[in-house]
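The values are calculated or read from the model by the stated rules, or taken from the named source; none is laboratory data. Only a predicted model underlies this, so the values are computations on that prediction, with no experimental measurement involved. Cβ placement follows ideal geometry from the backbone for every residue including glycine, while neighbour counts extend to all protein chains displayed. SASA here: full protein model, heavy atoms, side chains in, ligands and nucleic acids out. Shrake-Rupley method; radii C 1.70, N 1.55, O 1.52, S 1.80 Å.
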Amino acid sequence: ESFGLTSGEAAAAALAGTFHSGAQTAEEVRLARVDLELHSSSDIERESPFDIASKIAAETVPTLPGAEDHTPCAFESSLSSGHPAGQYADLWAQVLAADVFEAFQEVGLSDARAVRDLGLRFRASILAPGGGRAPLDAFR
């Protein structure tokens, strides 16, 4: 339904919903890289966490964070969970979820039998083993 909009206006409104959709992913990549670097870097002795975060921001996001940005002080997902590099794990989970959705799209979402077969395979290989199987092994 167009809600009284012309077809051009409706098309523009639909496109607006995806405008800057990559910005959130770029930000998550930035945070993941900072998280990984802070947990694995030998340069931490020579560079402050803020210098490391600034260097990574210059490589990953189109607009650099402002002077008030203190990313290393706000890593709730990794610091509060007790899991080093937790920010990276969240991003990796999104990648795996996108891969699963793409597999369903590839079989054809309108093909009920193919979707059912893939769903059963997903249940048997990913969901049924639970934490008893490494996720990367399950996705292979």
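Would you be able to tell me the number of residues in segment 93-124 that are open to solvent by 90 Å² or more (accessible area, probe 1.4 Å) and in contact (Cβ under 8 Å) with a residue 40 or more places away in the chain?
Residues flagged as open to solvent by 90 Å² or more (accessible area, probe 1.4 Å) and in contact (Cβ under 8 Å) with a residue 40 or more places away in the chain within segment 93-124 amount to 1.
Report every pair of residues separated by at least 6 positions or lying on different chains whose Cβ atoms are under 8 Å apart, first residue within segment 15-26 and in the same structural domain as Thr63 (by the TED database), second hydroxyl-bearing (Ser, Thr, Tyr) and open to solvent by less than 80 Å² (accessible area, probe 1.4 Å).
Taking only residues 6 or more apart or on different chains, the pairs are Ala26/Thr60.
Out of Ser42, Ser21, Ser78, report the one residue that is surrounded by 14 or more Cβ atoms within 10 Å (Cβ to Cβ) and modelled with pLDDT under 80.
Ser78
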